[in-house]
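First the structure, in the form of structure tokens, and then the observations on it.
The values are calculated or read from the model by the stated rules, or taken from the named source; none is laboratory data. Since the model is a prediction, treat every value here as computed from it, not as a measurement. Cβ placement follows ideal geometry from the backbone for every residue including glycine, while neighbour counts extend to all protein chains displayed.
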Ligand code: MSP
């Protein structure tokens with residue numbers, strides 16, 4: 001049994017959950033479900049990132065205390081994931097007392113090691129923004145937002161001497177090519193570490209006179225911790241660091257999931273922080289691309305945020321999560337539109353999968369009194385379906401290790417296709433008209449019931465409610481409780497003859513796209 005601790009980024013409480021957050025959270029949930037079924041020891045973490053300027057500003061704009069504001073949005077994230085059946089072993093908030101303790105602990109370690117020093121910083125400060133501006137914040141020498149000239153200011157701050165770890169980090173990346181994956185992001189991190197990238201030591205403090213919504217530095221009460229240094233430590237705190245039993249074992253198998261927007265903090269700051277604190281590095285950094293909506297970037301001003309709850313209400317959450325997992329190649333960008341969603345649901349779920357389930361169970365009701373029939377000896381066609389199940393189960397195991405969820409789903413749907421094709425070839429609706437072919441009909445329906453059990457087991461991490469329904473209809477309700485993937489999805493003959501089956505309604509009725517919907 002291996003340990004799998006799966007993390008999502010902790011989301012800022014300045015926006016409501018949308019398709020982007022939902023994707024990473026669904027991937028985490030799918031991986032967790034898969035590894036639980038594979039018998040691994042799984043610990044799954046998500047949560048919210050609540051400190052810093054950004055949150056203080058939106059709370060002030062809403063006329064609320066940042067704590068009250070953060071409570072509200074954090075609860076919204078938590079309840080959304082709960083309502084969607086995305087379950088986590090820990091929902092961590094950066095305002096939780098154990099997180100605050102973990103951050104102060106790391107700060108003390110790194111400070112004691114001599115990796116934090118106090119420096120004077122000189123820069124262009126905008127009073128409207130209450131912060132130092134970067135090149136990108138300015139147009140023609142004026143603050144982009146306030147259209148006024150920033151003033152030159154000097155401020156003393158604490159800096160994390162992260163650059164001293166760049167060589168060790170570069171060597172680690174060279175040595176373990178899939179540590180940051182897919183490869184394009186590994187190469188991006190290597191480029192960040194090159195001297196000409198301009199990446200310097202990290203300013204990790206903010207004077208309280210300027211911002212007090214943060215975690216106090218344990219070695220200087222006049223300062224709070226910079227929000228990224230604070231937030232990254234959630235991954236340790238959520239596992240029980242520094243003093244809860246078992247955190248080390250969990251930390252040993254940490255798989256971080258993020259999108260490309262936060263590659264630098266996770267690919268550079270975080271490993272340097274871990275090295276400075278003498279802690280082992282994470283297992284993998286898994287980086288996915290961005291969802292665009294109707295080919296445009298998601299933004300509040302465009303109002304194209306795509307609410308997961310609305311998608312659930314309109315199409316069912318399994319259909320939405322199936323689309324997310326099937327239509328994004330992990331690592332690359334992808335585009336969402338309701339038209340693409342409906343096309344995908346109709347083609348894969350209503351036609352392919354839905355038809356196989358309804359044809360098999362309707363004919364089992366009609367020709368076999370609604371129970372899994374006793375088969376005759378299997379022939380080459382039956383052996384072909386069994387082989388397809390074996391191949392699907394093995395390929396899913398390989399693809400899940402590589403985080404190629406869309407490829408895992410393709411493999412499962414090859415089994416669905418093979419079974420549909422087998423059913424067409426055997427055509428039991430015709431054979432049933434000839435009494436001497438009764439044995440063939442029984443064998444055919446028996447084979448399809450076995451295939452449905454394999455399909456149900458394999459689909460379970462991806463579309464859990466649908467999979468449970470398929471297993472229930474085929475009389476394999478308890479299969480999930482004791483199943484071990486991938487082996488159990490290959491086990492043929494596990495639904496015994498005589499087991500009652502149930503027809504039920506269409507799993508996914510075909511959807512007509514309303515005009516103006518897309
Ligand atoms: N609070 C930081 C993360 C700290 S982790 C120690 C943050 N929060 S965020 O709310 O902006 O979330 C960013 C993450 O949300 C992305 O990395 C990704 O997981 C998800 N997504 C948000 N928008 C997205 C898309 N449009 N597409 C895909 N995922 C994106 O950054």
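Only a single criterion out of (1) in contact with a helix residue (DSSP H, G or I) (Cβ under 8 Å, 6 or more places away or on another chain); (2) farther than 22 Å from residue 214 by Cβ; (3) surrounded by 14 or more Cβ atoms within 10 Å (Cβ to Cβ) is not satisfied by residue 124, namely (1). Here residue 19 does not qualify as within 21 Å of residue 265 (Cβ to Cβ) and touching a helix residue (DSSP H, G or I) at 6+ places or on another chain (Cβ under 9 Å).
In region 29-67, the residue that is nearest to the ligand (Cβ to nearest atom) out of those that are buried (at least 21 other Cβ atoms within 10 Å of the Cβ) and within 15 Å of residue 262 (Cβ to Cβ) is 49. Could you please let me know if residue 85 is on the phi > 0 side of the Ramachandran plot, surrounded by fewer than 22 Cβ atoms within 10 Å (Cβ to Cβ) and assigned by TED's automatic domain parsing to the domain that holds residue 234? In short, yes.
Contact map, region 426-447: residues that are free of Cβ contacts under 8 Å to residues at least 12 places away in the same chain paired with residues that are surrounded by fewer than 20 Cβ atoms within 10 Å (Cβ to Cβ), Cβ distance under 8 Å, separation 6+ or inter-chain. Pairs shown: 437/431; 438/432. Comparison of 90, 101 shows that the only residue that is in contact with a strand residue (DSSP E or B) (Cβ under 9 Å, 6 or more places away or on another chain) and modelled with pLDDT of 95 or more is 90. Does residue 494 fit the bill of being more than 23 Å from residue 87 (Cα to Cα), surrounded by fewer than 22 Cβ atoms within 10 Å (Cβ to Cβ) and touching a helix residue (DSSP H, G or I) at 6+ places or on another chain (Cβ under 9 Å)? Answer is yes for this residue. In region 1-20, the residues that are within 23 Å of residue 249 (Cβ to Cβ) and without any contact (Cβ under 8 Å) to a residue 60 or more places away in the chain reach residues that are more than 6 Å from the ligand (Cβ to nearest atom) and not in a loop (DSSP other than H, G, I, E, B) with C-beta atoms within less than 9 angstrom, at least six apart or across chains, in these pairs: 1/41. Against the criterion of being closer than 23 Å to residue 249 by Cβ, at pLDDT 95 or above and part of a helix (DSSP H, G or I), residue 33 qualifies.
As a summary of the residue check, residue 9 satisfies the conditions (1) more than 10 Å from the ligand (Cβ to nearest atom); (2) closer than 19 Å to residue 330 by Cβ except for the one numbered (1).
For the criterion of being part of a helix (DSSP H, G or I), surrounded by 23 or more Cβ atoms within 10 Å (Cβ to Cβ) and within 17 Å of the chain's Cα centre (by Cα), residue 7 fails.
Of the helices (runs of 4 or more DSSP H) lying entirely inside region 183-260, those containing at least 2 residues that are within 16 Å of the ligand (Cβ to nearest atom) and either at pLDDT 95 or above or surrounded by fewer than 19 Cβ atoms within 10 Å (Cβ to Cβ) (or both) span 183-193, 227-232, 234-237. The criterion of at least 1 residues that are within 14 Å of the ligand (Cβ to nearest atom) and within 21 Å of residue 230 (Cα to Cα) is met by the following helices (runs of 4 or more DSSP H) wholly inside region 263-345: 270-276. The number of residues in region 79-95 being assigned to a helix (DSSP H, G or I) and in contact (Cβ under 8 Å) with a residue 24 or more places away in the chain comes to 3. Taken over region 127-144, the criterion of being loosely packed, with under 15 Cβ neighbours inside 10 Å and either free of Cβ contacts under 8 Å to residues at least 24 places away in the same chain or under 38 Å from the mean Cα position of the chain (by Cα) (or both) is satisfied by 128, 130, 134, 135, 136, 139, 140, 141, 144.
Identify the single condition in (1) more than 38 Å from the chain's Cα centre (by Cα); (2) surrounded by fewer than 18 Cβ atoms within 10 Å (Cβ to Cβ) that residue 108 does not satisfy, given that it satisfies every other one. Single failed check for residue 108: (1).
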